[in-house]
Amino acid sequence: MDRTVRIQLHPTPEQAQALHETSQQFTQAFNAVCRYGWQHREKNGVKLHHATYYATKASCPGLVSDHLIQARVKATEALKSAFTWKAKHEANYQKKVARAKKRGQLVPKFKPMKCPQSVLCPVRYNVKTFSLNWQNQDIRLSTSRGKISISFTVPEFSCKYQGYPVATADLLYRQGKWWVHVVVSVAEPVFSPNDEVIGIDLGLNHPAVTSNRRFLGSPHWKEVERRRFRLKRKLQSKGTKSAKRHLKKLSGKQRRFRRDADHVLSKRLVEHTPPGATLVFENLTNIRESSHMGRGKQNKNVQNKRKLHSWTFAQLYAFTTYKAEERGIQVVKIDPRHTSQTCSHCGSQHRSNRRSQSLFLCRQCGYQLNADLNASYNLREKYLASLAQDGTPVLSGSPVKRPIVSTLRSQGQASCL
């Protein structure tokens with residue numbers, strides 16, 4: 001498995017100048033390939049290489065051939081993503097126009113997608129253009145002025161990855177400092193399979209609720225989000241230059257806060273799971289398009305719709321997956337349809353079973369518990385049922401029959417951050 005180590009470089013002024021020149025020429029080559037691909041609607045890497053290699057080599061004489069190839073590869077990746085979003089954006093615009101005409105509203109203005117460009121593109125290195133010595137803590141990089149050796153330091157939390165074989169690296173310049181993100185290859189740990197399966201229900205109110213009765217997350221997170229949203233709305237209405245500078249700073253803070261919250265949450269999920277077990281997540285890939293939250297109703301559930309479109313569930317899944325690899329834990333996704341409406345005790349499914357955001361009360365058997373906890377039970381059982389249909393031995397055995405008693409959050413909760 002691969003892990004990324006973020007190391008800080010300590011270049012001399014002459015070395016820093018060489019790094020700046022290399023980054024600028026790499027960015028120039030990247031932007032040139034992007035412009036050509038966007039104008040000619042081309043995203044094939046081989047065709048882009050034949051069409052742009054010699055032109056970029058002439059305009060960026062300081063770059064070695066491998067850097068030119070890596071710039072083209074990164075541009076190809078950006079173009080493929082941009083063309084995908086362009087097609088999706090145009091399709092969604094037609095739906096917005098039809099919806100506006102149906103309601104008798106003004107047709108929204110079309111905002112075309114722009115060609116992908118970069119101000120300072122990270123330089124990609126491979127084994128041909130860089131070498132790293134963990135013992136002496138110096139790295140040798142190919143630059144526009146030849147190869148140079150630069151000392152570096154490794155953060156304390158990444159020291160466990162020192163000495164592993166390196167694969168690729170990216171050179172970045174952030175806030176006056178030079179960083180290299182080095183990808184190292186780490187051997188996968190060997191764990192014996194565990195028969196435990198844990199369902200995880202994700203939500204806006206409770207970030208994560210597990211089928212072993214753990215309510216993970218902190219009420220403080222929601223309060224921070226509300227406070228920053230109010231401040232952001234106030235600054236946007238003001239519209240001064242100072243307010244715009246403050247908004248830019250606030251955006252970085254909000255992104256880092258959400259990233260930290262997802263790291264904490266994923267760490268807790270993995271810590272409370274035995275090695276070799278399985279974590280079952282909801283597949284929420286298209287939830288923003290398929291959700292009916294407040295659809296067709298003006299000024300209703302506006303706050304929940306805003307939270308839905310800023311929900312970082314994909315980031316949480318990615319963090320949990322790479323943390324779980326180190327403990328031999330399998331992470332899977334399943335279709336979450338009807339898991340919030342189905343009784344985990346008798347299997348009855350009805351929309352009115354979920355009486356409120358937090359209360360689940362089955363109309364058929366009277367089983368009552370926290371709605372998110374009930375959904376986590378259903379996710380677990382749905383995954384076990386899919387294994388049985390595929391002919392895979394179900395290690396966890398038959399579903400556990402829970403007594404018909406009230407297990408609201410105040411009674412059934414085992415732990416909380």
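Over the chain, give the accessible area per residue in Å² for a 1.4 Å probe, as an integer.
So the chain comes to 57 Å² accessible per residue, rounded to a whole number.
Which of rounded, prolate or oblate describes the chain when judged by the alpha-carbon gyration tensor and an a/c cut-off of 1.5?
It is prolate, given that a/c is not under 1.5 and a/b is the larger ratio.
Go through segment 94-106 residue by residue and turn each phi into a ³J(HN,Hα) via Karplus (6.51, -1.76, 1.60, θ = phi - 60°); whole Hz please, and just put x for glycine and proline.
Along segment 94-106, the couplings run 4, 5, 5, 5, 4, 5, 5, 5, 5, 8, x, 9, 5 Hz.
So which trypsin sites (Lys or Arg not before Pro) in segment 8-69 end up in coil per DSSP with only 15 or fewer other C-beta atoms within 10 Å?
Arg41
In whole Å, how far is the Cα centre of segment 310-337 from that of segment 131-164?
31
If contacts are Cα pairs under 8 angstrom and at least 6 residues apart, what is the relative contact order of the chain in percent?
With pairs under 8 Å counted, the relative contact order is 16 percent.
For n ≥ 4 DSSP H runs only, could you compute -39500 (n - 2.57) per run for the chain, divide by its residues and tell me the 222 nm figure to the nearest 500?
Here the helix-only value at 222 nm equals -14500 deg cm²/dmol.
Just the number, please: carbon plus sulfur as a percent of the accessible area of segment 23-129, 1.4 Å probe, no ligands or DNA/RNA counted.
The C+S portion of the solvent-accessible surface of segment 23-129 is 56 percent.
If you average the C-alpha positions of segment 230-265 and of segment 57-112 separately, how far apart do those two centres end up, in angstrom?
Value for the Cα centre distance between the two parts: 25 Å.
Ordered by packing density, taken as the mean number of other Cβ atoms within 10 Å over each peptide's residues, highest first, how do 379-388, 61-70 rank?
379-388, 61-70
Need the list of aspartates and glutamates near Lys222 for cross-linking: C-alpha distance under 18 angstrom, and skip anything on the same chain fewer than eight residues off.
The reachable aspartates and glutamates, counting only those whose Cα sits under 18 Å from Lys222, are Asp201, Asp260, Asp262, Asp372.
Sorted by packing (mean other beta-carbon atoms within 10 Å per residue), highest first, where do 131-142, 224-235 land?
Answer by packing, highest mean first, reads 131-142, 224-235.
Restricting to Cα pairs below 8 Å that are 6+ residues apart, what does the relative contact order work out to for segment 128-260? Please round to a whole percent.
9
Which log10 I(q)/I(0) values does segment 230-376 give at q = 0.18, 0.20 Å⁻¹ under the Debye formula, counting every alpha carbon as one identical point scatterer?
-1.21, -1.28
Carbon and sulfur atoms: what percent of the 1.4 Å accessible area of segment 152-206 do they account for?
53
Is there a pair in Lys96/Lys253; Lys305/Lys333; Lys244/Lys305 whose C-alpha atoms are over 27 Å apart, and which pairs would that be?
Pairs exceeding 27 Å: Lys96/Lys253.
Pick from Val119, Val186, Val209 the residue whose mean-square fluctuation is largest in a GNM of the chain, springs joining Cα atoms under 10 Å.
With Cα springs under 10 Å in the chain, the top fluctuation among Val119, Val186, Val209 is at Val119.
If contacts are Cα pairs under 8 angstrom and at least 6 residues apart, what is the relative contact order of segment 155-233 in percent?
Worked out over segment 155-233, it gives 16 percent.
Give the Kirkwood hydrodynamic radius (Å, one decimal) of segment 140-251, defined as one over the mean of 1/r across all pairs of different Cα atoms.
20.1
Give me Rg/Rg_expected for segment 1-40, where Rg uses Cα atoms only and Rg_expected = 2.2 N^0.38 Å with N residues.
So the Cα radius of gyration is 1.71 times the expected 2.2 N^0.38 Å.
So which lysines can Lys80 reach, going by Cα to Cα under 18 Å and dropping same-chain residues fewer than 8 places off?
Partners within reach: Lys43, Lys47, Lys88, Lys114.
The values are calculated or read from the model by the stated rules, or taken from the named source; none is laboratory data. Predicted, not measured: the structure shown is a model, and the values here were computed from it. When we count neighbours, we look across all protein chains shown, and the Cβ atoms used for this are built from the backbone with ideal geometry, even at glycine. Accessible surface areas use protein heavy atoms only, side chains included; no ligands, DNA or RNA. Shrake-Rupley method; radii C 1.70, N 1.55, O 1.52, S 1.80 Å.
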